[in-house]
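Encoded as structure tokens, the structure appears first; notes follow it.
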Amino acid sequence: MLDALWFNPNEMLIGGTWKTAVSNLPLFNPSDGSLLAEIANGSAINIDEAVTAAQVARNGKWGQLSATERGRILTKIGQKVLERVDDLAEIEAYDVGKPLAQARADAVALARYMEFYGGAADKLMGETIPYLNGYTVYTLREPHGVTGHIIPWNYPMQIIGRSVGAALAMGNACVLKPAEEACLTALAFARICGEAGLPDGALNVVPGSGIEAGAALAGNPNVQHISFTGSVHTGALVQRAAGVNVVPVTLELGGKSPQLVFNDANLTAALPFLVNAGIQNAGQTCSASSRILIQRGIYNSVRDRMAEAYCNLTVGPAMADMHIGPLISERQKALVLEFLAKGSDLTIAAQGKLHDAPNNGAYVLPTLFENVTADHPLAQDEIFGPVQVLIPFETEEEAVAIANNTDYGLVAGIWTADGARQMRLAKSLRAGQIFINNYGAGGGVELPFGGIGKSGHGREKGFEALYGFSTLKTIAAHHG
Ligand code: NAD
């Protein structure tokens, strides 16, 4: 049973007040299919109330704080998150089905985002611009006003950290709509923000359905910026709704990210990354590496070593903390099983094993397909499950052509000892992040993140996010 809850899960936070909704939604534990909690089914009216509360906060106490004062509050939130890391990890493990150690890493990352953006809040500067005689020209970075944050279920804490953290650092007031499948750590985080002294209305949290609450937030005329992470289909709907109000959006929509392994690669260093990047969080990761491109000379060796690693992968309940937990839901499991069926013409190199997994959990065996052609649906479409395909290639040119031949462009990894090739590939691969002889770089909060093509646009994380969550004003003073 979930013991770590220290708040009422069926409430939403609007203008500093915790309220119940007119109706509730059931929240399930994906590890065994049991009912975990009832959560608020926030309505379009609740979203309007939250946006109004955010406007009031912008015009009131929150809007009057200096950048340094905002930074102090964010830093304090980070400290309080660290104090509750174990509770947050347990809540997330039950809610998302994430193995406990992975859930704990997300809670630590949330704290780190708050520390980073707390420190950065008073360090984004404008500039002075040399201009005509008699003028002094300078620029100011200002908050958008009210920012909307629509987030998915796969990494709630990390995505809250990177988007709400940066938005608050710039002085925006936020309305957060967590995913209906997993929203408990969003509520826990909001409680922690209150304890740390975040003024009322600076952060509002309204759980609810995407169709009603999410759409109401995306199309709200009093929101000045939307940050969305999720599917391509929903991202396009959000962009369209925000477009009606000419509101900028940041879209982070997933990918089909490759790792390119050349004959001269250090396989001992590469192997853990090749596998983990595909199966972490049961493959439900936007930057999951679902395609492994292997040069012919080492193809059999890499396939055999990855297959051996797959045979040792265990799948079980989140609290048992194995390599892989369940998927988020029966619906996600059905989507992934559909993809596995599309691979019935392919050869399976290896699969993992279920271990003490309850019958009603949303479990799928991690599956490694070999000798896959670059145009196969499993090599083209985002699966969002623990499935990887191995694609052989002969030359560097062929590897680049295969790597760039999907609709996505989020991240890519290169494994080679050849420095000139590293530099060539870093330029020619279409992706928002390139990793050389590593993959993910430890997920650093400091590293700007986002994609091109159907992976979305705009950048979150790092200092770069502060530009996205602010607007630039140019002041030209004529003094003769
Ligand atoms: P989704 O994109 O529909 O949901 C993400 C968020 O958007 C949730 O908070 C949801 O309530 C909200 N939403 C849904 N419809 C909306 C609408 N019309 N207007 C505004 N907000 C809306 O994703 P999903 O259905 O949960 O998952 C389906 C697929 O999406 C997955 O299989 C995966 O491929 C992809 N996905 C990607 C990411 C990522 O990190 N990029 C995360 C989750 C899902």
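The values are calculated or read from the model by the stated rules, or taken from the named source; none is laboratory data. Bear in mind the structure is a predicted one, so any value in this text is a computation, not a measurement. A quick note on method: Cβ atoms are made from the backbone with ideal geometry, for glycine too, and the neighbour counts reach across all protein chains shown. With ligands, DNA and RNA removed, areas are computed over all heavy atoms of the protein, side chains included. Shrake-Rupley method; radii C 1.70, N 1.55, O 1.52, S 1.80 Å.
Key figures
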quantity: Given (1) closer than 26 Å to GLN64 by Cα; (2) open to solvent by less than 10 Å² (accessible area, probe 1.4 Å), index of the condition GLU195 fails; calculated: (2)
quantity: Test set (1) of a type in the set (A, V, I, L, M, F, W, C); (2) open to solvent by 20 Å² or more (accessible area, probe 1.4 Å); (3) outside the structural domain of LEU100 (by TED's automatic domain parsing) - ALA4 fails condition number; calculated: (2)
quantity: Pairs with Cβ under 6 Å, 6+ apart, first in segment 29-49 and free of Cβ contacts under 8 Å to residues at least 12 places away in the same chain, second part of a loop (DSSP other than H, G, I, E, B); calculated: none
quantity: Candidates ALA309, ALA334, ALA341 - the one that is outside the structural domain of SER34 (by TED's automatic domain parsing), at pLDDT 95 or above, of a type outside the set (S, T, N, Q) and more than 16 Å from the ligand (Cβ to nearest atom); calculated: ALA309
quantity: Among the residues listed as GLN280, GLN284, the single one being open to solvent by 50 Å² or more (accessible area, probe 1.4 Å) and closer than 25 Å to ALA103 by Cα; calculated: GLN280
quantity: Matching residues in segment 282-332 - criterion: being free of Cβ contacts under 8 Å to residues at least 12 places away in the same chain and over 26 Å from PRO30 (Cβ atoms); calculated: ASN300, ASP304
quantity: Residue that is farthest from ALA399 (Cα to Cα) [pool: residues in segment 217-261 that are out of contact with any strand residue (DSSP E or B) (no Cβ under 9 Å at 6 or more places or on another chain) and in a loop (DSSP other than H, G, I, E, B)]; calculated: PRO221
quantity: Segment 152-169, subset open to solvent by 10 Å² or more (accessible area, probe 1.4 Å) and not charged (D, E, K, R), residue nearest to ALA202 (Cα to Cα); calculated: GLN158
quantity: Selection count, segment 180-231, where residues are under 17 Å from LYS19 (Cα atoms) and of a type in the set (A, V, I, L, M, F, W, C); calculated: 14
quantity: Among the candidates ALA109, ALA101, ALA121, residue that is under 21 Å from the mean Cα position of the chain (by Cα) and away from the ligand (no atom under 16 Å from the Cβ); calculated: ALA101
quantity: Condition broken by ASN371, with the remaining ones in (1) in contact with a Lys or Arg (Cβ under 8 Å, 6 or more places away or on another chain); (2) at positive phi satisfied; calculated: (1)
quantity: Selected residue [hydrophobic (A, V, I, L, M, F, W, C), without any contact (Cβ under 8 Å) to a residue 60 or more places away in the chain and either under 24 Å from THR373 (Cα atoms) or touching a Gly at 6+ places or on another chain (Cβ under 8 Å) (or both)] from ILE452, ILE402, ILE414; calculated: ILE452
quantity: Hits in segment 176-195 - residues which are touching a Leu at 6+ places or on another chain (Cβ under 9 Å) and within 12 Å of the ligand (Cβ to nearest atom); calculated: LEU176, LYS177, PRO178, GLU180, GLU181, ALA182, CYS183, ALA186
quantity: Helices (runs of 4 or more DSSP H) contained entirely in segment 33-91, each with at least 1 residues that are polar (S, T, N, Q) and touching a helix residue (DSSP H, G or I) at 6+ places or on another chain (Cβ under 8 Å); calculated: 44-59, 67-83
quantity: Matching residues, segment 312-331, being in a loop (DSSP other than H, G, I, E, B), within 16 Å of the ligand (Cβ to nearest atom) and out of contact with any helix residue (DSSP H, G or I) (no Cβ under 8 Å at 6 or more places or on another chain); calculated: SER329
quantity: Total residues in segment 199-215, condition more than 16 Å from the ligand (Cβ to nearest atom), buried (at least 24 other Cβ atoms within 10 Å of the Cβ) and not in a strand (DSSP E or B); calculated: 2
quantity: Unique residue being polar (S, T, N, Q), more than 16 Å from the ligand (Cβ to nearest atom) and open to solvent by less than 50 Å² (accessible area, probe 1.4 Å) when the list is THR128, THR68, THR139; calculated: THR139
quantity: Residue, nearest to ASN41 (Cα to Cα), within segment 220-238, restricted to residues that are open to solvent by 30 Å² or more (accessible area, probe 1.4 Å) and near the ligand (Cβ under 10 Å from one of its atoms); calculated: THR234
quantity: Any hit, segment 248-266, residues being away from the ligand (no atom under 13 Å from the Cβ) and small (Gly, Ala, Ser); calculated: yes
quantity: Residue count, segment 22-39 (criterion: surrounded by 15 or more Cβ atoms within 10 Å (Cβ to Cβ) and either under 26 Å from LYS61 (Cβ atoms) or of a type in the set (Ser, Thr, Tyr) (or both)); calculated: 1
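Yes or no, residue by residue, for (1) under 30 Å from GLY316 (Cα atoms); (2) touching an Asp or Glu at 6+ places or on another chain (Cβ under 7 Å); (3) open to solvent by less than 10 Å² (accessible area, probe 1.4 Å):
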site	(1), (2), (3)
SER43	no, yes, no
ALA53	no, no, no
ASN59	no, no, no
ARG72	no, no, no
LEU82	yes, no, no
ALA89	yes, no, yes
ARG104	yes, no, no
PHE116	no, yes, no
